[in-house]
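The values are calculated or read from the model by the stated rules, or taken from the named source; none is laboratory data. Because the structure is a prediction, the values reported are computed rather than measured. Here the Cβ is made from the backbone with ideal geometry for all residues, glycine too, and neighbour counts use every protein chain on show. Only protein heavy atoms, including side chains, enter the accessible area calculation; ligands, DNA and RNA are left aside. Shrake-Rupley method; radii C 1.70, N 1.55, O 1.52, S 1.80 Å.
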Amino acid sequence: MSKYAGKIGGEGINPLAALAPDPAPHAKPLSDLEIYNVFRDYIKHEDGLMNTRLSSFLSMNSFLIGFSVLILGGMLSAASRMSVDAKLLALLALGTLVHSILAYIGYDAARLTRSSIQAATDSLKILREKGNARLAAPIANGDFPHLTDARELSRREKAALEKGSGIMRGFPRHMQRMWFIMGITPVLVTGLAAYLRFGPAHF
């Protein structure tokens with residue numbers, strides 16, 4: 001019978017944990033240069049994710065804004081040529097519904113992009129802190145002359161780094177506000193048109 005079929009404390013051993021390979025007993029420790037390359041690859045990976053997420057977000061918003069402008073333009077054109085009657089109200093209501101769906105998609109995409117960029121920014125901060133802590137001695141010894149310890153950065157340099165990441169996080173937040181305003185405005189306009197058509201007596 002296999003030794004993994006036994007029981008410890010009355011409970012069976014997890015077969016996945018029991019069959020997991022043991023770590024290599026003679027693993028060669030990484031050199032400072034190899035550790036630096038590992039941290040650099042992680043940072044490049046997170047930077048690439050941020051660029052990909054923001055680029056995809058911008059492409060989606062270009063399509064949504066273009067489609068939204070067409071719908072709003074059609075609604076304004078119809079409102080300028082037609083009297084405030086049931087036909088116009090039905091047309092405005094349909095345009096408002098479609099535009100509200102677009103606004104919701106844009107708002108939600110901005111929210112998700114903001115969260116993902118924030119997660120990548122936090123990961124980059126942790127990676128830089130851990131990398132500087134691990135490579136503090138080699139950097140101090142001059143083994144990496146092209147690197148600067150983050151603890152030696154001036155306040156202006158730290159503020160510039162924080163401002164750059166803040167812009168990346170802030171853009172989706174501003175887009176959230178824009179889509180909220182763009183989503184609620186046609187609803188208010190359609191409600192006002194209905195109020196003007198039927199009068200206060202019907203409300």
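Below, the figures for the structure above:
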| item | result |
| --- | --- |
| Accessible-area order (highest first, 1.4 angstrom probe) of the listed residues 192, 70 | 70, 192 |
| Point-charge dipole on Cβ atoms (K/R +1, D/E -1) for segment 24-131, about Cα centre, debye to 20 | 160 debye |
| Accessible area in square angstrom per residue, segment 23-123, 1.4 angstrom probe | 63 Å² |
| Förster radius 30 Å - calculated FRET efficiency between residue 32 and residue 52, Cβ distance, rounded to 0.05 | 0.50 |
